Amino acid sequence: MLHVHSFAAGQWLAPDSQARDIENAVTGEVMARAGQASLPAADMLDYARTRGGPALRALSFHDRARLLKALAQHLGTHKQALYDLSFATGATQRDHLIDIDGGIGTLFVYASKGRRELPDAQVYLDGEVEQLSRNGTFLGQHICTPLQGAAVHINAYNFPVWGMLEKLAPTLLAGVPAIVKPATSTCYVTEHAVRLILDSGILPEGALQLVAGGLGTMLDHLDCQDTVSFTGSAQTALSLRAHPNVLANAIRFAAEQDSLNASILGPDALPGTPEFDLFVKEVHREMTTKAGQKCTAIRRIIVPKAQEQAVIDALQTRLSQTVIGDPTAETTTMGALVSRAQREDVLSKISSLAAEAEIVVGDLEGFSVEGADRDRGAFVPPVLLHCSDPDKATAVHQTEAFGPVATLMGYRDLNHAIKTANQGQGSLVASLITNDPETARAVALGAGAFHGRLYINNRTSMQESTGHGSPLPHMVHGGPGRAGGSEELGGVRGIMHYMQRTAIQGSPDMLSAINQRWVPGSTQTTPKAHPFTLPYGDIDLGDTLQSQPRTVTLDDIEHFAHFTGDTFYAHMDEAAAKRNPFFPGRVAHGYLLLSFAAGLFVEPNEGPVLANTGLDSLRFLKPVEPGDTIKVALTVKHKTPRNDDYGEVRWHVRLTNQDDDAVAEYELLTMNAFASPSAAGAVA
Ligand code: NAP
């Protein structure tokens, strides 16, 4: 018997007399107990707010990203123990790869995105600086800072590890501590993952707590800095988001809930095409993986009317090969549902669906189970229904049987297919299998607003595609309406639920200090030496190199034109250039100006600048004519460490003419070493 503990305010709490029994999905035996009569909810929130939050907020995004990477590596070395425990949830080894390896993979992706896409700072800048005044002395910038409360994660039973880690990654990266409440039926797996994390000592104290069992009075104690991220059924979501304190304090509440996801077979994907086979394969996989207990599983199969029987026959062939049984056996392709209560729920949902659709595959009485007792475990065979009139049906578009169950329906034309897919009133994902780009465009325009993700697959992408049902950390997971109306994941977008966006208004110097980025118009300082001779750490934001002037001659333009081959008429033909509305006559090439600029600001000797890695936001603002004199101001705008040896420096470059008018502006990127090279002749 496992005694599943909560981790509350620094203490492990054992289950007490009020604990709930948890059954083994395969044997039906009680194998664990979890829950306490009274959870110290207020203490847990206080612990998160006063310990975990300040410790996480003291770190930069890059520091937090490093924590995520360390966690991923640590869990990766202990995943066998998680696999071993997870079999009791009814999951097979293939299912574990989605839950456990998928969760660890999500940590890795967020760790990498945090280092590459977020600053090594505590403030995330949302968008560009807004010019709010004529002379640029009053500017605006949207910034995001971490909420100063706790993130309460209420998770569904089906992914005890991924379900925790996919929320934990963006939460911790944002700088917010989490209180994780897994569904009780599989919380023993989550508890083990939490023990691994806490025992590793990687996270600061208070960054992670666990509720095994009921949430107690937690929602009563939330305030405006706390958030709730819920995953589960629509019914539970409704009752929690309607909690008086959640409503009264406008507590952020994100819901990922049940969803009648659809998959459309394109009109072009006839039997015999690679797309037809691909469609059957995807549907089969979605029905049987995790025994259909996936929020993204295909519930509605939408095919051209003329192909209904062909698809049913092909699915029948594949589904009949499903080996249902003991999840630990290598030959088993589909395990059990999580509990017998869940089996009863699925069977009753099948009855509701059967009022509108006919069961065409699946024998609920006569199916066999390998290596386990069919009646003691929570086994259900794959069930395919056929609905002949989806326009009149309601249950098939509204009833989620959270098991290996899907309903097939025919469409007359593509508009009818789109209408049918949208009848789910909002889903996490819809897929379309077609080799016709125009079909893809019509479905994206007609169905995009109803679905959080559109997965389009064909012969080109099928080898590398990730599957209809796989939420990816890079892409938004969530959908409108029935799916809960929220978004998770989606790369850096995923951290926004845990941060407050604030519009900052003020002078350029104020914005530079807050943004940790030099803003044009703010103070420019003189560097200790030529900035290209200074190691990364000795360059300060605002340090500015003012170059010598250089006059651009007609000979320069001629030489550049013939040397590069760029003899565009605006540089070569006075009359033609004059006819052009942009030019007064022959003008210098923009690229000539950039090259001259480099010549004006560069320091030629070997030094800490390792490479010029790019150039962003280039604008040519005013033509330069022969005889004009240009000069350059090179200002340190932003710095980002990349590894232990060097970091990226983003320079603001402004080229001006003899009248001090800007002729070009851009951002130059260089990689600068932390130390000067020690070779003889190197810059000191
Ligand atoms: P559920 O019964 O709604 O439970 C979800 C979570 O809410 C569990 O942790 C549950 O804890 C908790 N909960 C229930 N009542 C509560 C209350 N009064 N106060 C606080 N917490 C409460 O859903 P489930 O059966 O675990 O999961 C299946 C459903 O989740 C399906 O509908 C599926 O579509 C959906 N789902 C959606 C997604 C998604 O990303 N959109 C992902 C996975 C699953 P207890 O277990 O302790 O009751």
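No value in this document is a laboratory result; all are computed from the given coordinates. Just so we're clear, the structure is a prediction, and the values are computed from it rather than from any experiment. Neighbour counts run over all protein chains shown; Cβ positions are idealised from the backbone, glycine included.
See the values below:
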item	result
Computed lengthening from Ser200 to Ser112, 0.36 nm per intervening residue step minus Cα-Cα distance	29.6 nm
Contour minus Cα-Cα distance for Gln316 and Gln80 (0.36 nm per residue)	81.5 nm
Spin-label model distance (nm) - Arg66 vs Thr564, 7 Å beyond Cα toward Cβ	4.2 nm
About the Cα centre, charge dipole magnitude for the range 585-683 (Lys/Arg +1, Asp/Glu -1 at Cβ), debye	120 debye
Length-normalised contact order of the range 332-437 in % [C-alpha pairs under 8 Å, at least 6 apart]	28 percent
Whole-Hz couplings from phi, Karplus 6.51/-1.76/1.60, listed for the range 464-476; x for Gly and Pro	10, 5, 9, x, 3, x, 9, x, 10, x, 6, 10, 4
Trypsin sites (Lys or Arg not before Pro) within the range 475-571, DSSP loop, no more than 15 other Cβ atoms inside 10 Å	Lys528
Under-5 Å amide H pairs with Glu256, H placed in peptide plane, nonlocal only	Phe230, Thr231, Gly232
Difference of contour (0.36 nm per residue) and Cα-Cα distance, Ala354 to Phe367	2.8 nm
Helix 437-447 axis, angle to the chain major axis (alpha carbon atoms, nearest 10°)	70 degrees
Point-to-point label distance, Gln425-Leu59, nm (Cα→Cβ direction, 7 Å offset)	4.2 nm
MRE, 222 nm, helices only [DSSP H, n ≥ 4, -39500 (n - 2.57), over the chain, to nearest 500]	-8500 deg cm²/dmol
Using alpha-carbon coordinates, inclination of helix 187-200 to the longest axis of the chain, degrees	40 degrees
Formal net charge of residues neighbouring Ile504 (Cβ-Cβ distance under 11 Å; K, R +1; D, E -1)	-1
Under 13 Å, Cβ to Cβ, from Val152 - net charge with Lys/Arg +1 and Asp/Glu -1	+2
Calculated from backbone phi, Karplus (6.51, -1.76, 1.60) coupling profile of the range 231-236 in Hz, x at Gly/Pro	10, x, 7, 4, 5, 5
Inter-site label distance for Thr217 and Asp16 at 7 Å from Cα along Cβ, in nm	1.3 nm
Value of relative contact order over the range 9-167, rounded to a whole percent, pairs C-alpha under 8 Å and six or more apart	23 percent
Ranked by how many other beta carbons lie within 10 Å on average, peptides 370-381, 463-474, 131-142 from highest	370-381, 463-474, 131-142
Proximal lysines to Lys349, defined as alpha-carbon separation beneath 20 angstrom and excluding residues fewer than eight positions away on the same chain	Lys290, Lys294, Lys392
Nearest 10 degrees, 0 to 90: helix 274-288 Cα axis against the chain principal axis	60 degrees
Local electrostatic count, Leu353, Cβ distance below 11 Å [Lys/Arg +1, Asp/Glu -1]	0
Relative contact order %, the chain, counting alpha carbon pairs below 8 Å whose residues are six or more apart	13 percent
Computed E for His530/Leu554 - FRET, C-beta separation, R0 30 angstrom, nearest 0.05	0.45
Theoretical FRET efficiency, 1/(1+(r/R0)^6), r = Cβ-Cβ of Asp43 and Cys224, R0 30 Å, to 0.05	0.95
In range of the label at Ala675: residues from the range 638-662 whose backbone nitrogen is under 13 Å from the point 7 Å along Cα→Cβ	644-646
Candidate lysines for bridging to Lys69, where Cα separation is under 24 Å - those fewer than 8 sequence places away on the same chain excluded	Lys79, Lys113, Lys167, Lys181, Lys639
Whichever lysines have a C-alpha closer than 27 Å to that of Lys578, once near sequence neighbours (fewer than 8 apart) are set aside	Lys622, Lys631
For Val476, residues with placed amide H under 5 Å, excluding near neighbours	Gly490
Modelled FRET efficiency - R0 41 Å, Gln93 with Ala611, Cβ distances, 0.05 increments	0.35
Lys, Arg +1 and Asp, Glu -1 on Cβ, resulting dipole of the chain about Cα centre, debye, nearest 20	720 debye
